1. Could you say which residue among Y185, Y197 is open to solvent by 60 Å² or more (accessible area, probe 1.4 Å), touching a strand residue (DSSP E or B) at 6+ places or on another chain (Cβ under 6 Å) and either over 17 Å from L107 (Cβ atoms) or without any contact (Cβ under 8 Å) to a residue 60 or more places away in the chain (or both)?
2. Within region 14-38, can you find the residues that are in contact with a Phe, Trp or Tyr (Cβ under 9 Å, 6 or more places away or on another chain), modelled with pLDDT of 90 or more and assigned to a loop (DSSP other than H, G, I, E, B)?
3. When you scan region 114-133, do you find a residue that is small (G, A, S) and touching a residue at least 24 places away in the same chain (Cβ under 8 Å), even just one?
4. From the set of residues in region 111-159 that are over 23 Å from I33 (Cβ atoms) and among the acidic types (D, E), which is least open to solvent (accessible area, probe 1.4 Å)?
Amino acid sequence: GTEFGASRQVRSEEIVQSLGEAERAELVVSPGIGTLSITAGLDPTNLVEGTVHLARREELTRSFDVEGETATFALQTETRSFGPFAAGWGGQRLWDLRLSSDVALSLETELGLGEMIIDLTGLMMESLSVEQGLGQARITLPEEGRFEARIEGAIGQTIVIIPEGMAARIRLDTGISGRQVPSGYRCEEDVCTSPDYE
């Protein structure tokens, strides 16, 4: 059947990138389509480890560079065309990546179509940028730290989990419909703050 036809065209690649001497890292992760899962890794000496699943003709480009104490790592696919089988492949094209908890991270992710599950628990964030075309994003922020996060979703649902005790100031795009903000947050026009933000 069709499922079998689609599954034969997915291949997997292991990703392991050691941290070296870097103390902070800038990461860009950009699958065109599928499911992107990001969590803290077990081995903090690896900046990134995990597995990515790609369509047969999909080209994966990766780059790693260290300047001073800053590492830059990019992982992205060149395929931007969503063919007739795109929807059927979505679930099989999982990018499962785990990041080092030993460095300050600036993370940028971009997904055209699919689902993002980003759990930053235990990670040291400096900044976060999430861009999603179509689908669902679920982002859990770390329990501590001071950082700015920019989350953009075109069509779909975006869930942001803010741990208890993490003070937050949220600016919501006025175009968003059906937004739900936790009780206790004060909202004035499109800016909401947590009770302890001051």
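1. Answer to the check: Y197.
2. Once the filter is applied, which keeps residues that are in contact with a Phe, Trp or Tyr (Cβ under 9 Å, 6 or more places away or on another chain), modelled with pLDDT of 90 or more and assigned to a loop (DSSP other than H, G, I, E, B), region 14-38 yields only P31.
3. yes
4. Selected residue: E126.
The values are calculated or read from the model by the stated rules, or taken from the named source; none is laboratory data. It should be emphasised that the depicted structure is a prediction, and the values quoted were computed from it without experimental measurement. Methodologically, a virtual Cβ is constructed for each residue, glycine included, from the backbone with ideal geometry; neighbour enumeration extends over all protein chains shown. Areas reflect the complete protein model, heavy atoms only, side chains present, ligands, DNA and RNA absent. Shrake-Rupley method; radii C 1.70, N 1.55, O 1.52, S 1.80 Å.
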